[in-house]
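Working notes, structure below.
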Amino acid sequence: MSFLKPYRKTPRFSTLSSHPPPPPPPAPPAPDINLVGKAISILKRHQLYNLDSLSSQFTPQSASYLLHHSQFDKTLILPFINWARRRPFFDLKCSCISLHILTRFKVYKTAQSIAEDVAIKTPEDEHGDLVFKLIKSTYSDCNSSSSVIDLLVKSYSNLKLVKRGLNTIHLAISHGFMPGVLSYNSVLDAIIRSNEPIELAEEMYFHMIKSGISPNVFTYNILIRGFFGVRELEKGLELFSEMQKNGCLPNVVTYNTLMDAYCKLGRLDDALKVFDKMSVRDLEPNVISYNVILNGLGREGRMKETGGILEEMKRKRIVPDEVTYNTLVNGYCKEGNFHQALVLHDEMTSNGLSPNVITYTSLINSMCKARNLHRAMGFVEQMRDRKLFPNARTYTTLIDGFSQQGFMEEAYKLLDEMKRNGFSPSIVTYNALIHGHTVDGKIEDALGALDHITESGLSPDVVSYSTDYHWFL
DNA sequence: ATAGGGTTAG
């Protein structure tokens, strides 16, 4: 990981004949001490509403000055930050000072939200150097600690800005800071969620150990999910035993992760073995454990066995949640048992749970698959009556439903509506349309839809081409 | 303050 470029030496002192030294940069305008004094006294009297009249007089310098001056007065500074953070004078430096203050007072939620705003507002800071420099230069004046680095890395990771997260860790270390386990965990999670090569996650894992940070149960859970996700079961299982060797006990999340991974690989029986192992280890399965198993049964067309599982949940007083019902509704839909799906849909409401957009998307999908578009649209109506609105997946499901039967005009109307409502069509949406044109026999339109993919910044995938390919045969 | 479950295409 070295980006060393050949270093070109420039003479430290230029020749006598050269230009005079550049003038020092202009000093920033001084803070308005008067204004700051007024603002502080308003804050001391808790008259936040009176601050608004001063808003237009504040400069970044005055705000920084106030932040710095009153940084230890918690009841004064927190309201000020909340008031100031969305105002125009609240610049990058103000944000950084606030991050130090907020993490010192453990007000992580606000801190993270400010850090994310900063990240979004500085897209040119691709590697996070600019923000890091500011954090470092304000660090000691704010009596900060390395946890501000954790917060920053976590915020980058939340936005899947992997490069910035990774580079911030490296910058921090090379400047003598100590990123904690949270920095590593969040960046590992971001790597895996953004489908970066798993080797990168592995490299960071080794890096954290070399830097003296011990992985915890979160670290292992994140990595196990990552390795199973790319079908590297041996590596995942290796970590599962490694964690125990290192004295880190797997928890329910670890077991649920393993079970779900097995289910998604079509190995329900292995998932059930893991389930049994849990009770041997004295760990109680929770509602998520059961949902994972129910979903696994549904995927293999074994809905008959769900009854026994639900019984067991009842015995153990584990209350089915929204996800449990959605899983069951979806399972019955896939089996073509609409009757049972609707029974559960009703049971949901009578148990105080509300069917949501996912429940309806399952039902709509099964109606589309049964080629009953009328009933599919009926469910869309029902959704609207319940103040639920189709999401991108619902639209894609409907577009596919209409396309499958060659109703392309309706399909494109739905595409329009989808865009109007702020959803971006995905590659799946376009592939459904392409397939539709092979149904209605309009090859030019199929190729046109293929063009729409690239126009919208996506790239066609195997499905796009294989759909087309059938047509040329 | 970080980890796990449910909806879409050939």
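Output the qualifying pairs, or none if there are none: Cβ atoms under 7 angstrom, residues six or more apart or on different chains, first residue in region A:404-427 and within 13 Å of A:Val439 (Cα to Cα), second residue of a type in the set (Asp, Glu) and in a helix (DSSP H, G or I).
Final answer for the pair search is A:Gly406/A:Asp440; A:Met408/A:Asp440.
Can you work out which of the residues in region A:173-203 that are hydroxyl-bearing (Ser, Thr, Tyr) and in a helix (DSSP H, G or I) is nearest to the chain's Cα centre (by Cα)?
Filtering first and then ranking leaves A:Ser186.
Restricting to region A:216-246, name every residue that is surrounded by 14 or more Cβ atoms within 10 Å (Cβ to Cβ) and of a type in the set (Lys, Arg).
Once the filter is applied, which keeps residues that are surrounded by 14 or more Cβ atoms within 10 Å (Cβ to Cβ) and of a type in the set (Lys, Arg), region A:216-246 yields A:Arg225, A:Lys235.
Check A:Lys160, A:Lys154 and return the single one that is within 13 Å of DNA strand B (Cβ to nearest atom) and in a loop (DSSP other than H, G, I, E, B).
The match here is A:Lys160.
What residue, among those in region A:335-349 that are hydrophobic (A, V, I, L, M, F, W, C) and more than 17 Å from A:Cys368 (Cα to Cα), is surrounded by the fewest Cβ atoms within 10 Å (Cβ to Cβ)?
Filtering first and then ranking leaves A:Val343.
Would region A:331-341 turn up any residue that is over 31 Å from the mean Cα position of the chain (by Cα), among the hydroxyl-bearing types (Ser, Thr, Tyr) and over 16 Å from A:Pro390 (Cα atoms)?
The answer is no, given that none of the residues of region A:331-341 is over 31 Å from the mean Cα position of the chain (by Cα), among the hydroxyl-bearing types (Ser, Thr, Tyr) and over 16 Å from A:Pro390 (Cα atoms).
Sort out which residues of region A:438-468 are within 14 Å of DNA strand B (Cβ to nearest atom), surrounded by fewer than 16 Cβ atoms within 10 Å (Cβ to Cβ) and not in a helix (DSSP H, G or I), and write them in order of number.
Result: A:Ser459, A:Asp461.
Of all residues in region A:423-437 being not in a helix (DSSP H, G or I) and not polar (S, T, N, Q), which is surrounded by the fewest Cβ atoms within 10 Å (Cβ to Cβ)?
Looking at residues that are not in a helix (DSSP H, G or I) and not polar (S, T, N, Q), I get A:Phe423.
Which of the residues belonging to region A:403-432 are of a type in the set (D, E, K, R) and in contact with a helix residue (DSSP H, G or I) (Cβ under 7 Å, 6 or more places away or on another chain)?
Selection gives A:Glu410 alone.
Can you say whether A:Leu272 is more than 14 Å from DNA strand B (Cβ to nearest atom) and closer than 19 Å to A:Gly236 by Cβ, as far as the supplied structure shows?
Considered against the rule, which asks whether it is more than 14 Å from DNA strand B (Cβ to nearest atom) and closer than 19 Å to A:Gly236 by Cβ, A:Leu272 comes out as yes.
Only residues in region A:172-195 that are free of Cβ contacts under 8 Å to residues at least 24 places away in the same chain count as the first member; pair them with residues that are surrounded by fewer than 15 Cβ atoms within 10 Å (Cβ to Cβ) and assigned to a helix (DSSP H, G or I), Cβ under 7 angstrom, at least 6 apart or cross-chain, and list the lot.
none
Taking the criterion of being in contact with a Cys (Cβ under 6 Å, 6 or more places away or on another chain), buried (at least 18 other Cβ atoms within 10 Å of the Cβ) and modelled with pLDDT of 95 or more, would at least one residue in region A:150-168 satisfy it?
no
Identify all residues within region A:195-228 that are closer than 20 Å to A:Lys273 by Cβ and either touching a Phe, Trp or Tyr at 6+ places or on another chain (Cβ under 7 Å) or at pLDDT below 95 (or both); write none if there are none.
A:Ile224
Enumerate the pairs (first residue in region A:284-304 and on the phi > 0 side of the Ramachandran plot; second residue anywhere and near DNA strand B (Cβ under 10 Å from one of its atoms) and in a helix (DSSP H, G or I)) with beta-carbon separation below 9 Å, excluding pairs fewer than 6 apart on the same chain, so at least 6 apart or on different chains.
That search, which allows pairs on different chains as well, returns A:Gly301/A:Gly331; A:Gly301/A:Lys334.
Please work out which residue is surrounded by the most Cβ atoms within 10 Å (Cβ to Cβ), limiting yourself to region A:372-396 and to residues that are farther than 16 Å from A:Val329 by Cα and either in contact (Cβ under 8 Å) with a residue 60 or more places away in the chain or within 12 Å of DNA strand B (Cβ to nearest atom) (or both).
A:Thr396
Which condition does A:Met418 not pass, out of (1) surrounded by fewer than 17 Cβ atoms within 10 Å (Cβ to Cβ); (2) within 12 Å of DNA strand B (Cβ to nearest atom), if it passes all the others?
A:Met418 satisfies all of (1) surrounded by fewer than 17 Cβ atoms within 10 Å (Cβ to Cβ); (2) within 12 Å of DNA strand B (Cβ to nearest atom) except (1).
The values are calculated or read from the model by the stated rules, or taken from the named source; none is laboratory data. Note that the structure is predicted; figures quoted are calculated from it, not measured. Note: ideal-geometry Cβ built from the backbone for every residue, glycine included; neighbour counts use all protein chains shown.
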